[in-house]
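What follows is calculated from the coordinates using simple rules that are stated; it is not laboratory data. Since the model is a prediction, treat every value here as computed from it, not as a measurement. Heads up, the Cβs are rebuilt from the backbone with ideal geometry, glycines too, and the neighbour counts pull from every protein chain shown.
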Amino acid sequence: MKKKPNYKLRRRVALIVLILIILIPILIINSAKISHIPTLYKYREYKDIVNSLYGADFTNDEVRNLMEVLKKNKQLNEIRYDFIIELKGKGYSKESINYLLIHLNRSEITKLISKKYDEDLEEYIKIEDFDYDKYDRYVAYQKKHKNLKKEDIILRVELKIDLDNYEDAEEIEDPDSLLAYVNRHRYINKNYEPSDLVEMDDKYSNNYYGVNKLRSEAYEHFKEMVDDANSQGIEFVAETTYRSFDDQETIYNNYSYEHTREETDKYAARPGYSEHELGTAIDLSNVWYIEEGDEEYEWIRKNCYKYGFIMRYKKGKEDITKYAAEDWHIRYVGVKNATLIHNKNITFDEYWYKYVKKSN
Ligand SMILES: [Zn+2]
C-alpha cells in the first residue's frame, strides 16, 4: 500500500529552509560584528580604511597579516580597528581619528561613538594645544563666552580662567625669574624673599610708612624711567613695592574686617598670590594713586615698556587677569619682554602662556 505523504513534515522542512535563506545572508553581512573575526569582505574594507587613513598602500597579504596581529594582540587593538570604522562612519576626518585613537581611552571613544558627530570637536582638534581631558571645560566656557574664538577658549582653560579663584592652585617654581607668573591660581612660597632687594631713595619712593624695597634690576630701570619722566615735567613715585607674605596677609586680613570674603577677594590678593611678593611690582602715585585720565598715566602707558615695565591689570582685560583694573600697578619684566607685550598689546597672562610656558 502506498504511504500517504507526510505533509506536516514537508511544511516544517520548507519553513526551516525559508528561515535559513533569510538568516544566512544577515549572518554573513554581520559576521565581523558578531565574532570580530574579519571575513574577506572585511579585509578589503579594512585595507581601504587603513590606506586612506595612513596614506600607505598595503597589499592584501599585509592587511591579512595585520589582521592576524590584531587578533593575537590584546583586545584594545581589535577595538581600535573597529573604532576607525565607527569614527569614519560618523564623519570624523583622518586627522581627528588619528588624534582620538592616540589620546582617548576605550571608554572615552565608545562614549564618543554613542553620540552624534561633534563639529566643534573636529575644529578643536585642529588647534595645537587642544587637550581632550579638558574638552568639557571648553564647551562649558564657550557657552558663557559665545564670541570667543576656540584658540582663546583653550588658552583661558589652560590658564584656569574658567575655574573659581584659587581653585586648583599651584606653587610657582621660579619666583626669582623676571617672568614669574603669579595669579589667582599660582602662588609664591610663604618663605620666599628675593635676595637682591634694595632700599629705595626718597626721590623715587614714598617712604613715609617705611622704606620701600625693590629688586635691584627693577630699581635701576625705575630710576631711569622716573628721571626721564621728570625731565619731561611728569612726576610720580613708587607708593608700595615689595611686600612679604606676612605683609600681604595683614593687608588681606585688614580688608576682610570690613568687607565680605567675596569683596575682599575682588580687591586684595590672598597672601602668596600677590605680585608684590616678587619684588618687581610697583604701585605708582603722585599724591594719589595714578589713574586713567591722569597725564602721568598717559606718559606711563606710552613709555614704561622702554624701561622694562608693563601695566599688569588693564581695563577691559579683567576676564583674563581676574583682577579689577589697577591703573597704578606696574611690573618689571625686562625691556625685551615688556616691548613684546607692548607691541602685541596682550596681557602678561597671555604672553606667559604663549611665549614662556610653551617654550619651556
Ligand atoms: Zn599693586
Quiz item: What is the spin-label model distance, in nm, from residue 343 to residue 131 if the labels are put 7 Å beyond Cα along the C-beta direction?
Solution: 3.0
Exercise. Can you tell me how much longer the chain between residue 318 and residue 193 gets when fully stretched, taken as 0.36 nm per residue apart minus their C-alpha distance, in nm with one decimal?
Key: 42.2 nm
Quiz item: For the range 170-357, what class follows from the C-alpha gyration tensor (a ≥ b ≥ c being the square roots of its eigenvalues): rounded when a/c is under 1.5, otherwise prolate if a/b is larger than b/c, else oblate?
Solution: rounded
Exercise. Provide the FRET efficiency to the nearest 0.05 for the residue 303-residue 174 pair, computing r from the beta carbons and using R0 = 30 Å.
Key: 0.60
Quiz item: Rounded if a/c is under 1.5, else prolate if a/b beats b/c, else oblate: with a ≥ b ≥ c from the C-alpha gyration tensor eigenvalues square-rooted, which is the chain?
Solution: prolate
Quiz item: Tell me, what is the FRET efficiency for residue 256 and residue 120 to the nearest 0.05, using R0 = 51 angstrom and their Cβ-Cβ distance as r?
Solution: 0.80
Quiz item: For residue 309, what is the net charge nearby, where nearby means another residue's Cβ is under 11 Å from its Cβ and Lys, Arg count +1, Asp, Glu -1?
Solution: +3
Exercise. Output the relative contact order of the range 148-206, whole-number percent, from Cα pairs under 8 angstrom with separation of 6+ residues.
Key: 25
Quiz item: Given R₀ = 41 Å, FRET efficiency for residue 101-residue 18 by Cβ-Cβ distance, to 0.05?
Solution: 0.40
Quiz item: Which parts of the range 130-171 would a label at residue 108 reach, counting a residue when its backbone N lies under 15 Å from a point 7 Å out along Cα-to-Cβ?
Solution: 130-139
Practice problem: Please report 109, 22 as a ranked list, fewest other C-beta atoms within 10 angstrom at the top and most at the bottom. | Solution: 22, 109
Practice problem: Mind giving me the nanometre distance, one decimal, between the label points for residue 59 and residue 231, set 7 Å out from Cα along Cα→Cβ? | Solution: 8.0
Quiz item: Relative contact order (percent) for the chain, with alpha-carbon contacts under 8 angstrom and 6 or more residues of separation?
Solution: 11
Quiz item: Once phi is turned into θ = phi - 60°, what whole-Hz ³J(HN,Hα) does the Karplus curve with 6.51, -1.76 and 1.60 give for every residue of the range 198-206, x standing for Gly and Pro?
Solution: 10, 7, 8, 6, 4, 4, 10, 8, 7
Quiz item: Using Cα atoms only, what is the angle between the long axis of helix 335-344 and the major principal axis of the chain, expressed in degrees (0 to 90) to the nearest 10?
Solution: 60
Self-check item: residue 10 paired with residue 217, simple spin-label distance in nm, labels 7 Å along Cα-to-beta-carbon
Solution: 10.3
